[in-house]
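Only one structure is covered here, and it is reproduced in the block below.
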Amino acid sequence: MNVSLRWLEELLGTSLDPVETRDRLLMLGAGVEAMEPLHHDLAEVVIGEVLEVRKHPNADRLTLCEVNAGAEVKHVVCGATNVTAGKKYPFAAVGTTLPGGLLLERRKIRGEVSEGMLCSAKELGLGEDGDGILELDTAATPGTRLLDALPLADTRFVLEITPNRPDQLSHEGIARDLGAVLKRPVKLAPVTGGGAPSVPRAARVTGAGETAGVRIVIEDAGGCPRYTAAVIRGVKVGPSPAWLQDRLRAIGARPINNVVDATNLLLFENGQPLHAFDLTKVRGPAIVVRRARPGETIVTLDGQTRALTPEMTVIADAQRATAIAGVMGGAESEVAAETTDLLLECAYFDPTRTRLTRRALGLNTEASYRFERGVDHDATPQRLGRAVELIVAVAGGRVDGTPVDVYPATIAPTTVFVRDARIAHVLGVEIARAEVERVLTALGCVVGPKDDRLAVQVPACRPDLTREIDLIEEVARVVGYDRFPDDLRPFRPGTVPDAPAERLADRLRRVLVGLGLHEALTSSLGPKLDDTQPEVVNPLSQDEAYLRSALLPGLVRRVEYNWRQMQRNVRLFETGHVFANREGELPDEQVRIAAVVTGARRPPHWSEPEPPDFDLFDVKALLEATARVAHPGATVAAEGGELVVREAGGAVVGGARELGADRPAWAARVYGFELAVEVAEAARLRAAPLPRSPAVERDVALVLPDGMKAADVEATLRSGAGKLLERLWPFDEYRGAPLAAGTRGVAWRLVFREEGRTLREAEVDEALTRALTEVERRHGVRRREA
């Protein structure tokens with residue numbers, strides 16, 4: 001999305017600094033990929049007034065001009081035929097560098113000295129016309145800088161807009177965000193040009209409608225919930241006025257003709273795609289919005305024949321499809337130089353249907369880019385009226401009849417509630433309610449207080465605002481993230497434990513990092529090394545067409561890369577997934593850990609200038625340390641020149657060996673191990689309902705000999721108390737007088753409860769007595785009080 005700074009200034013009614021605007025856009029979530037100054041290379045060009053024009057004495061096609069450049073009169077040799085005395089033109093004096101790097105020098109042309117140059121639009125980078133000098137209609141005095149006299153200097157921002165922000169695909173949407181920060185309203189400029197008509201408001205109908213004798217019908221309301229249209233007669237298709245061409249060029253668009261340029265201008269102004277049909281080529285005349293018929297085809301504006309399917313929505317006349325809804329118009333009804341009558345369409349097409357149609361046809365357009373993200377269906381009639389005004393202003397003609405607005409079923413607005421307390425909780429600071437209301441209103445929302453919260457009616461241009469947290473993010477975005485404190489506040493840690501696999505992987509990382517290795521992260525894709533590797537259907541490249549079946553080959557490639565950087569000592573490990581083919585099923589997936597070492601075993605020291613290199617016994621030590629964590633009880637033994645890790649049952653879960661590599665002569669041997677990581681299934685969390693009956697608590701202190709386990713006594717208490725005992729736990733231990741030597745006092749808290757009723761004291765006393773009697777019978781232990 002290209003955005004003109006001058007256009008934003010016009011919408012906001014204030015001047016903007018390019019650098020500050022770039023920074024604000026970044027903070028507002030619009031990624032600025034580039035900031036391109038436009039026409040700033042015309043700073044040395046001035047307004048020149050031609051005082052006299054006479055024929056060149058030595059050339060039939062050249063003229064001699066006396067040009068008032070402000071400070072002095074310049075003698076200029078000119079080859080253009082449209083130079084007239086008394087007119088004003090852009091003038092570049094000797095020493096000026098024009099766009100493209102042309103440096104003007106004082107020189108003789110057929111015997112006459114030229115002291116500068118009268119410039120064409122092409123030479124100034126303002127258009128493609130290079131045949132004649134650019135005539136200026138300005139009251140500026142000679143010698144005035146061209147950029148001061150004409151609004152040419154601009155800055156173009158190249159923005160990366162996220163898919164959830166269709167409102168930012170227009171200057172009005174970008175200006176709305178900036179205006180919320182700058183506290184300035186967004187105002188569309190009046191239509192430029194003489195005779196802009198007063199367009200009647202579109203007549204709303206729920207069924208078939210009609211405008212100027214053209215019948216409008218929506219048969220596929222799912223694909224097109226709203227369709228507005230107007231008829232303009234007597235237009236004259238031709239080049240657009242200079243201001244309109246300049247505005248389009250400022251955002252990198254190419255002018256075509258006044259009708260197309262007007263619709264493109266409004267596309268970039270408010271984000272609403274428009275389409276103009278040549279009314280004489282619309283059969284019926286009628287417009288029918290329907291599903292495409294089986295086997296139906298259409299020739300689109302790019303000259304290609306497209307096969308349509310019944311899943312696609314089309315704009316048809318009384319006989320055949322004339323446009324693909326939301327994607328591209330048809331060539332048959334295209335506006336041409338001889339067109340005089342227009343049917344102007346302004347509609348809302350379903351985003352999902354548009355996206356599916358665009359993908360099926362492989363056809364990307366500015367219109368589909370916006371329709372598939374969502375345009376403002378509430379503003380459709382107003383945008384149709386503005387489009388009619390602009391087309392009549394630049395192409396002439398008149399509005400015939402009353403525009404029609406076919407809207408079968410009203411789309412209800414979304415209302416979201418936002419709480420003051422929730423805003424403060426999420427952002428960490430309190431935002432005054434008045435500021436929240438101001439921000440949301442500036443973004444187009446309708447805000448009303450409701451108790452301790454705000455009821456926010458979201459505008460149709462913001463389909464991304466569906467939850468309370470979305471509105472809080474909008475407040476944070478506009479208020480400014482830099483206003484929030486960066487100090488660490490009190491917080492409550494989460495209660496959800498880490499996954500067992502992550503806990504085990506973290507333990508393994510600590511082991512290998514502590515042994516001096518560095519963690520690597522390699523790609524799961526690679527070349528084919530064995531027949532067990534699953535093949536990827538749509539690989540990024542042939543070198544990455546298979547899923548890996550082991551971690552060590554990827555780590556060896558990292559070792560070879562380090563060797564190419566002249567690094568001899570390499571110690572790497574990785575935890576990741578490996579895959580294997582399974583007949584008729586999804587590939588088997590397993591977590592493994594692997595490590596490679598090569599080079600010196602220890603850093604050099606004055607006591608050992610050349611330490612020995614790693615060998616297989618060093619890898620055995622690394623493997624044993626890792627296996628103790630990943631497979632407790634497993635053994636590591638040498639088998640056939642390799643080290644093998646076996647579990648207690650005899651299953652092989654890993655091993656270590658010397659690895660083959662493309663090794664330079666100065667490099668050491670490479671050793672590595674790979675080990676499967678088995679993760680036990682996490683214990684399921686069990687939930688129990690909150691009790692609805694009150695509990696009765698009793699504290700009991702018993703005197704235990706030192707050799708007796710408190711757990712055995714606790715088990716006897718539990719069995720003796722019976723079903724009324726809900727839970728018990730020890731909470732105190734005491735030694736010393738008046739207790740005898742070799743004994744200790746242990747106190748338990750017992751909680752009694754029965755669901756559905758309140759226990760009586762006598763029931764609790766009876767249960768407690770049974771428990772104490774059983775403890776004394778089995779263990780000879782009595783209460784401390786006794």
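For segment 529-568, filtered to residues that are touching a residue at least 60 places away in the same chain (Cβ under 8 Å) and not in a helix (DSSP H, G or I), the residue that is nearest to D662 (Cα to Cα) is R568.
Residue count for segment 204-228 under the criterion of being touching a helix residue (DSSP H, G or I) at 6+ places or on another chain (Cβ under 6 Å) and either of a type outside the set (V, I, T) or not in a strand (DSSP E or B) (or both): the result is 2. Of the candidates T280, T313, the single residue that is within 25 Å of I391 (Cα to Cα) and either open to solvent by 20 Å² or more (accessible area, probe 1.4 Å) or out of contact with any Pro (no Cβ under 6 Å at 6 or more places or on another chain) (or both) is T280.
Taking (1) open to solvent by less than 50 Å² (accessible area, probe 1.4 Å); (2) touching a helix residue (DSSP H, G or I) at 6+ places or on another chain (Cβ under 9 Å) in turn, R201 satisfies each apart from (1).
Only one of the numbered conditions (1) surrounded by 14 or more Cβ atoms within 10 Å (Cβ to Cβ); (2) modelled with pLDDT of 95 or more is violated by T441, and that is (1). Quick check on segment 734-744. Is at least one of its residues open to solvent by 40 Å² or more (accessible area, probe 1.4 Å) and on the phi > 0 side of the Ramachandran plot? Looking for residues that are open to solvent by 40 Å² or more (accessible area, probe 1.4 Å) and on the phi > 0 side of the Ramachandran plot, one finds at least one in segment 734-744, hence yes. Residues that are farther than 22 Å from R735 by Cα, touching a residue at least 12 places away in the same chain (Cβ under 8 Å) and assigned to a loop (DSSP other than H, G, I, E, B) were ranked within segment 689-716; the one that is most open to solvent (accessible area, probe 1.4 Å) is R692. Taken across segment 624-647, residues that are out of contact with any helix residue (DSSP H, G or I) (no Cβ under 8 Å at 6 or more places or on another chain), basic (K, R), in a loop (DSSP other than H, G, I, E, B) and farther than 30 Å from D765 by Cα do not occur at all. For T495, the requirement of being free of Cβ contacts under 8 Å to residues at least 60 places away in the same chain, within 30 Å of F371 (Cβ to Cβ) and open to solvent by 70 Å² or more (accessible area, probe 1.4 Å) is not met. Filtering segment 454-477 to residues that are of a type in the set (V, I, T) and in a strand (DSSP E or B) leaves V456, V458. Considering segment 648-681, and only residues there that are aromatic (F, W, Y) and assigned to a strand (DSSP E or B), the residue that is least open to solvent (accessible area, probe 1.4 Å) turns out to be F673. Can you name every residue in segment 297-310 that is in contact with a strand residue (DSSP E or B) (Cβ under 6 Å, 6 or more places away or on another chain) and open to solvent by 20 Å² or more (accessible area, probe 1.4 Å)? Residues satisfying the conditions are T297, V299, L301, T305, R306, A307, P310. From the list L454, L547, which residue is touching a Phe, Trp or Tyr at 6+ places or on another chain (Cβ under 8 Å) and under 26 Å from V591 (Cα atoms)? Unique residue meeting the criteria: L547. Looking for something assigned to a loop (DSSP other than H, G, I, E, B) and farther than 18 Å from R657 by Cα - is there at least one such residue anywhere in segment 589-600? No - not one qualifying residue is present in segment 589-600. When each of D482, D506 is tested for being closer than 30 Å to L178 by Cβ and surrounded by fewer than 17 Cβ atoms within 10 Å (Cβ to Cβ), the lone residue that passes is D482.
Being hydroxyl-bearing (S, T, Y) and within 23 Å of D506 (Cβ to Cβ) is true for just one of T626, T598. Which residue is that? Being hydroxyl-bearing (S, T, Y) and within 23 Å of D506 (Cβ to Cβ) holds for just one of T626, T598, which is T626. Restricting attention to segment 760-786, and to residues there that are open to solvent by less than 100 Å² (accessible area, probe 1.4 Å) and part of a loop (DSSP other than H, G, I, E, B), which single residue is modelled with the lowest pLDDT? Per the criteria, the residue is A786.
Out of curiosity, is L152 open to solvent by less than 40 Å² (accessible area, probe 1.4 Å) and either of a type in the set (K, R) or in contact (Cβ under 8 Å) with a residue 40 or more places away in the chain (or both)? Taking the combined requirement at face value, the residue satisfies it. Out of E105, E72, one residue alone is surrounded by fewer than 18 Cβ atoms within 10 Å (Cβ to Cβ), closer than 19 Å to L146 by Cβ, among the charged types (D, E, K, R) and at pLDDT below 90. It is E72. Note on segment 25-54: among residues that are modelled with pLDDT of 90 or more and open to solvent by 80 Å² or more (accessible area, probe 1.4 Å), the one that is farthest from L248 (Cα to Cα) is R54. Per the listing L12, L102, L26, L64, the residue uniquely touching a helix residue (DSSP H, G or I) at 6+ places or on another chain (Cβ under 9 Å) and not basic (K, R) is L12.
Scanning segment 392-425 for residues that are more than 34 Å from the chain's Cα centre (by Cα), over 19 Å from Q382 (Cβ atoms) and open to solvent by less than 20 Å² (accessible area, probe 1.4 Å) returns a single hit, A395.
Filtering segment 341-380 to residues that are open to solvent by 10 Å² or more (accessible area, probe 1.4 Å), of a type in the set (S, T, Y) and in contact with a Lys or Arg (Cβ under 7 Å, 6 or more places away or on another chain) leaves only Y348.
Within segment 572-579, is there a residue that is more than 32 Å from the chain's Cα centre (by Cα), crowded, with 19+ Cβ neighbours inside 10 Å, modelled with pLDDT of 95 or more and not in a helix (DSSP H, G or I)? Looking through segment 572-579, at least one residue is more than 32 Å from the chain's Cα centre (by Cα), crowded, with 19+ Cβ neighbours inside 10 Å, modelled with pLDDT of 95 or more and not in a helix (DSSP H, G or I).
On inspection, R383 does not qualify as open to solvent by 10 Å² or more (accessible area, probe 1.4 Å), without any contact (Cβ under 8 Å) to a residue 24 or more places away in the chain and not in a loop (DSSP other than H, G, I, E, B). Inclusion of V458 among residues that are touching a residue at least 24 places away in the same chain (Cβ under 8 Å) and open to solvent by less than 70 Å² (accessible area, probe 1.4 Å) is warranted.
For beta carbons closer than 8 Å, sequence separation of 6+ or different chains, a first residue in segment 429-442 that is of a type in the set (K, R) and a second that is open to solvent by less than 60 Å² (accessible area, probe 1.4 Å) and not in a helix (DSSP H, G or I), the qualifying pairs are R433/L454. One residue alone among E435, E474 is open to solvent by less than 10 Å² (accessible area, probe 1.4 Å), closer than 18 Å to V181 by Cα and not hydroxyl-bearing (S, T, Y), and that residue is E474. In segment 515-528, of all residues being part of a strand (DSSP E or B) and not small (G, A, S), the one that is least open to solvent (accessible area, probe 1.4 Å) corresponds to L525.
The values are calculated or read from the model by the stated rules, or taken from the named source; none is laboratory data. Source: prediction; values computed, not measured. Neighbour counts run over all protein chains shown; Cβ positions are idealised from the backbone, glycine included. Accessible surface areas use protein heavy atoms only, side chains included; no ligands, DNA or RNA. Shrake-Rupley method; radii C 1.70, N 1.55, O 1.52, S 1.80 Å.
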